[in-house]
Amino acid sequence: MGLAKKNQSIQDWITQQWVIMFGQKVDHKKHQWLIGPFGGTKGIGLKFIEQLAKDEELVIDKRTKNKGLLDSILDLGLSDDELKRLSPEVIDFYENTSNYDLHLKVKWNPFFKIFGTLIKNLFSRRIEQLNVPIENLDDPSGLTNEIIKLIDTKTNEIKRTIWLRTIKSTGQVVYSGVYEACSLPDNQICIKAIFPLPNGNATVILNPRVGKNGELILDSSGKRIGDSGFYFLLRDSNEQLWCKFIKSFKDKLVVKSIHDGIINATQTLTLYNLKVLEFEYEINISTSQNL
C-alpha cells in the first residue's frame, strides 16, 4: 500500500491516506480524461494560479471581460435539438461568464452544517479552497466572479480556464477551480471542474443536458469510475496516482433564464440521497457592462 507524502499538515496527510486505503491506483495515460492540476501544500487560492502558469509555461490573460467558462457552448457536445432549446441567456453566461455578477444564498441541512463548519475550520480557510459559506453572505454585493485564462504565447491558444470566486467584503477565497470539457471512456462529453488540493485535487464531472424549458442541467450521477461523479485524486510519496470515486455524493446544477436578463442557478449537493447543501445564485449582467 502506498503512503501519503510527508512534510505537510497532519489533517491533509490523514485524508490523503484515506484515499489510498479505500481508493485504487490509476494510470496516467489510461485515465487522461480524469487527470487535472494538483495543488501545493502551502495554500491554493491565487498562489496556485501563479504556480500553474509557471509550471506549464503559460501566461495570464489580463482581460477582465468577455471571458467564459466555455470558449463555446458547442464544447458540451449537445445535440442540435438541445442547442435549439437552450436559453440564449444561459449560453451567453457560459461564453461570457466574467460579464456577470453573482449573488449567493446558501441553505444547509442542519445536520450536515456541523460537518461543514468542521471542514471549514480544519481545511478550507487554511488551504483557501472549497471554502463554502456557513451562513448567507451579509454583503449584498456577494461574490467576485473572475475568469482567468492561461495562454500559450507561442500558439496564442487558451490552455487553462480558472474560475476564481471570493467574498467581496473580505477577499476570502471560496473556490478556485479549473474548468474544461472532457470526454469520458464511453465518449460522453462532460464539464470537468477541478479543485486543487494539497498533493491532489477534488474533481467533479458533470453530464450536461437541456431541460424542456431551455434550462441547462449538469448532473454528476454516475455509478462507477469512468462515469460522471465526484473524485478525489492524489499523488503518493512514490509519485503513484490514486483515485477514490465517491459514489454516494451527487452534485446537480440547474441554470435557467428567469426574466429581464436575470439567470437563476440552483446547485444541490446530496449524500446517500440526503440533501447536504443547496446553493442558489442570482446571476445578472454586471452594472459595469451597462456604463
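Run the numbers for Lys275 and Lys29: contour at 0.36 nm per residue of separation, minus the present Cα-Cα distance, in nm.
Extra length from Lys275 to Lys29 when fully extended: 85.0 nm.
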Inset, instruction - Towards the positive end of the charge dipole of segment 146-197, with charges on Cβ (+1 Lys, Arg; -1 Asp, Glu), say which of Gln188, Gly171, Thr155 has the farthest Cα. - result: Gly171
Inset, instruction - For segment 188-205 and segment 210-248, write down the distance between their C-alpha centroids in whole Å. - result: 7
Inset, instruction - Quote to one decimal, in nm, the extra length available between Met21 and Ile189 on full extension: 0.36 nm per residue of separation minus the C-alpha distance between them. - result: 57.5 nm
Inset, instruction - Express in nm, to one decimal, how much length is gained between Ile10 and Thr64 on full extension, taking 0.36 nm for each residue of separation and deducting their alpha carbon distance. - result: 15.6 nm
Legend entry - Distance violations [Cα-Cα > 28 Å] among Lys47/Lys154; Lys67/Lys105; Lys65/Lys244; Lys29/Lys159; Lys62/Lys244: Lys65/Lys244; Lys62/Lys244
Inset, instruction - Quick one: angle between helix 45-55 and the longest Cα principal axis of the chain, in degrees between 0 and 90, rounded to 10, please. - result: 80
Inset, instruction - Can you put Leu164, Leu233, Leu271 in order of Cβ neighbours within 10 angstrom, beginning with the fewest? - result: Leu271, Leu164, Leu233
Inset, instruction - Could you work out how far helix 110-119 tilts from the main Cα principal axis of the chain, as a 0 to 90 degree angle to the nearest 10? - result: 60
Legend entry - Whether segment 26-284 is rounded, prolate or oblate, judged on the alpha carbon gyration tensor where a/c under 1.5 counts as rounded: rounded
Legend entry - By average C-beta atoms within 10 angstrom, highest first, the peptides 3-10, 71-78: 71-78, 3-10
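Based only on other Cβ atoms within 10 Å, what is the fewest-to-most ordering of Ile217, Ile205, Ile49?
Least crowded to most crowded, the residues run Ile217, Ile49, Ile205.
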Inset, instruction - List the aspartates and glutamates whose Cα lies under 17 Å from the Cα of Lys107, skipping any in the same chain that are fewer than 8 positions away. - result: Glu135, Asp138, Asp139, Asp251, Glu278, Glu280, Glu282
Legend entry - Distance between modelled label sites at Asp152 and Asp71, nm, 7 Å Cα→Cβ extension: 1.0
Legend entry - Rel. contact order, % - alpha carbon contacts under 8 angstrom, at least six apart, segment 94-251: 13
Inset, instruction - Can you pull the one-decimal nm distance between simple spin-label points at Leu3 and Glu56, each 7 Å off the Cα toward Cβ? - result: 3.2
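Taking neighbour counts of Cβ atoms within 10 Å as a proxy for exposure, in what order, fewest first, do Asp61, Asp80 appear?
Least to most surrounded, the residues fall as Asp80, Asp61.
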Legend entry - trypsin sites (Lys or Arg not before Pro) restricted to segment 27-71 and DSSP loop, no more than 14 other C-beta within 10 Å: Lys29, Lys30, Lys42, Lys62, Arg63, Lys65
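No value in this document is a laboratory result; all are computed from the given coordinates. Since this is a predicted model, take the numbers as computed values, not measurements. Note that each Cβ is placed from the backbone with ideal geometry, even for glycine, and that neighbours are counted across all protein chains shown.
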